[in-house]
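Here the structure comes first, spelled out in C-alpha cells, and everything after it is commentary.
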Amino acid sequence: MQNLQSFASAMSRRLLREAGNLPALSGNDFASSKEIQRPLDVLSQGSGSFSAFPKSNEQITTPSLPESAENVNAANQLSAPVTQSADKESSGSKYSNWIFVLIFPAAILLILVPILVCRKRGNASMGPWRTGLSGQLQKAFVTGVPKLNRPELEAACEDFSNILNTFPTCTVFKGTLSSGVEICVVSTSISSIKDWPRSAETLFRKKIDTLSRVNHKNFVNLIGYCIENQPFMRMMVFEYAPNGTLSDHLHVKVYEHLDWAARMRIIMGMAYCLQYMHHELDPPVAVNDMRSDAIFLTDDYAAKIADVGVWKELADKAKATKEDGSSRSVSPPDLAGNVFCFGALLIEIISGKLPETNDPDCICIWAEEHLKAKSYSTLVDTSLQDHQADELEAICEVIQGCTDPDPMQRPQMRDVTSKLKAILAITPEGAGPRLSPLWWAELELLSMKSN
C-alpha cells in the first residue's frame, strides 16, 4: 500500500506538470460562440484515478464558460457521462489495487506453505543426518538412505572381486564410485532366500532404519543398501575409512605407530560419538560389539566406530528361526554394556595389550589390580616414549567407573565425555576427521538412484 501511495503521488505530480501545457481558451471564443455553434470543449478527467488539473480546496478549477442556459445545459449533459465514467474507472482501479493487495500475499502463502510442510517432514526423516547427509537422499521406503541396485554396486566393487575381509556371517568389499570416492559394501553370507526367514528380513530393515538415523563424524555412516532376491542378496553400503583399524595400529608392527596424542584424539572421538548415540538420538542407539577391530581410522587418524555386530545378530536370528521357529523381538539398546566396552577399549588403547579373546572381561580383570593400587604408569604401553600423567590419571578414573561390575553404577556417556574433555581439551571438531568424502559419495548415489 505504501508503494501504491508513492506511485499515486508521483503520477499526480507528473499530471500536474502536464496540465500547464494544455491550451487555454482564446479571447474571442465567447463572441464567436454566438455566431457559430461549435462543440463544447469537454474537460478531461484523466484516467479516473488522478485529476488532470491542479486542485484548489479539493475542487477542480475550470475556465469561465458562457452563462447562457443552452451552454449550461449542454455542459451538464456532456459532463455527466464523463463523470460517471470517471467514477467507474476510479472504482475499478481501487478494486484492482485491492485485488493486487490480497492476491499477491495469498499466492506467496500458497507457494511457501507446501515448501515449509515438506521441509518439516524432510527434517523429521533426515534429522539424524543433519550434519552430513543431503535431504534429497531421504527417499527410501523404510529409511533415510537410498535403495541401490545390484549392477550399480557390482560395477563399483569390480564384480565383487575386491574383497577386504571375510567373516563367517558376512563379506566386506571395497568399492570405488566413478567420482573416485571409496565405499565399503558389506554383504550377508546367506546365499539363499530359503535360509532367510521373515524375522531376519524384519530385523535387517530395522537395522537399516536404525543406522540411517546415526550421522556423526566419528561413526562409519550408512549411505545405502541393496535388497535382491534373484540372486539373493542383502547388502549395506557404508563410507570407507582407508587407514585400517585401531587394532591394526596397536598390535601390528607394519602399521604406523600411534603416539600418546593420537591415542587421546581417538579416545575423544569415540566418546563424542557414543555420547551422541546415547543422548542425542531418540530412541538411543548402542553399538552391539564395540572392539578395537571395529574402530576404523581415517587418513588423519580420526576414529570411526562401526557397528559390525549387526551381521552376527542377523545370522543368529535366521538360525534360531530355522531351528525352533522362534521370532524374538529386538532387545532394547544396552547402553550400560556399551559404556563397559568403552572402558575396556580405553585399557587396550593406553596399554597396547592385545585382548586374549573377544570377551572384554579378560583385559578388565588384568587391569583391575593396577587400577586399585593406583599404579597407573604400569598400564602404559612400553612403546610410548612419553605420556601426560594428569591425563593418564583421569583416563584410569574413567576406566574404573565404566567397568564397574554393577551396570547401575556405571556413568553415562555424557558424564564420561565431560570429564575427559576437561583434561584432554580436545573439541568435537578436533576429534573428527578434517576431510571427508561422504558428501560426494552421497551425491553420486543420489544420481545413480535418479537414473
Legend entry - segment 143-182: GluC sites (Glu not before Pro) falling in loop per DSSP and having at most 13 other Cβ within 10 Å: GLU158
Inset, instruction - List, largest first, the extents of the alpha carbons of segment 130-450 along their principal axes, each in whole Å. - result: 60, 47, 37
Legend entry - Cβ-based exposure ranking for TYR272, TYR376, in which fewest neighbours within 10 Å come first: TYR376, TYR272
Inset, instruction - Set the Förster radius R0 to 41 Å, insert the Cβ-Cβ distance between ALA422 and SER161 as r into 1/(1 + (r/R0)^6), and round the FRET efficiency to 0.05. - result: 0.25
Legend entry - Efficiency of FRET between LEU354 and LYS374 - r from beta-carbon atoms, R0 25 angstrom, step 0.05: 0.55
Legend entry - Cβ-based exposure ranking for SER212, SER187, in which fewest neighbours within 10 Å come first: SER187, SER212
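Counting other C-beta atoms within 10 Å, which of ILE193, ILE183, ILE395, ILE111 has the fewest, and how do the rest follow? Don't skip to the answer; put the middle values down first.
Details: ILE193 15, ILE183 23, ILE395 26, ILE111 10.
Going from sparsest to densest Cβ surroundings: ILE111, ILE193, ILE183, ILE395.
Laboratory data are not the source of any read-out in this text; all were calculated from the coordinates shown. Fair warning: this is a prediction, and the values are worked out from it, not measured in the lab. Glycine also receives a Cβ, built like all others from the backbone with ideal geometry; neighbour counts cover every protein chain displayed.
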